[in-house]
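Here is the structure we will look at.
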């Protein structure tokens, strides 16, 4: 009976000491970062897939991922919305204009429904609270 108890304790200890983030953790963190700060109002993520990954060292994991950004709104609609939301402040207006310019530089003049395929290498750091996307 003691051997069986020891075996269960060992198995649970090994499960808790993961040497790489799970595919689910990777997807949740990357999608969460992409959709934060208003991203969820502009696009959604489809066809997320971790294609590869490796341990750079004991505290760093590099994941190769691919996914599609699907725009919910056109660039014009996003610009109009930001313009309306920032009317009270000249600095807010300037920030909105810079945001629209950055979107246009990165994705072009997109329309609602437009898809952009992305492939990236994302670094994860092992922390006291588990694996986290590196800043």
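I'd like the residue in region 90-123 that is part of a strand (DSSP E or B) and in contact with a helix residue (DSSP H, G or I) (Cβ under 7 Å, 6 or more places away or on another chain) and, out of all such residues, is surrounded by the fewest Cβ atoms within 10 Å (Cβ to Cβ).
Among those that are part of a strand (DSSP E or B) and in contact with a helix residue (DSSP H, G or I) (Cβ under 7 Å, 6 or more places away or on another chain), it is 116.
Give the number of residues within region 106-135 that are closer than 28 Å to residue 54 by Cα and in contact (Cβ under 8 Å) with a residue 24 or more places away in the chain.
Of the residues in that region, 16 qualify.
Check 83, 73 and return the single one that is surrounded by 14 or more Cβ atoms within 10 Å (Cβ to Cβ) and in a loop (DSSP other than H, G, I, E, B).
Answer to the selection: 73.
Can you report the number of residues in region 20-31 which are under 8 Å from the mean Cα position of the chain (by Cα) and in contact (Cβ under 8 Å) with a residue 12 or more places away in the chain?
So the answer is 4.
Somewhere in region 32-47, is a residue farther than 29 Å from residue 112 by Cβ, in contact (Cβ under 8 Å) with a residue 12 or more places away in the chain, outside the structural domain of residue 108 (by TED's automatic domain parsing) and surrounded by 15 or more Cβ atoms within 10 Å (Cβ to Cβ)?
Checked region 32-47: no residue is farther than 29 Å from residue 112 by Cβ, in contact (Cβ under 8 Å) with a residue 12 or more places away in the chain, outside the structural domain of residue 108 (by TED's automatic domain parsing) and surrounded by 15 or more Cβ atoms within 10 Å (Cβ to Cβ).
Looking at the structure I just gave you, is residue 112 modelled with pLDDT of 95 or more, more than 20 Å from the chain's Cα centre (by Cα) and more than 26 Å from residue 21 (Cβ to Cβ)?
yes
The values are calculated or read from the model by the stated rules, or taken from the named source; none is laboratory data. Quantities reported herein were computed from a predicted structural model and do not represent experimental measurements. We place every Cβ from the backbone using ideal geometry, glycine too, and count neighbours over all the protein chains shown.
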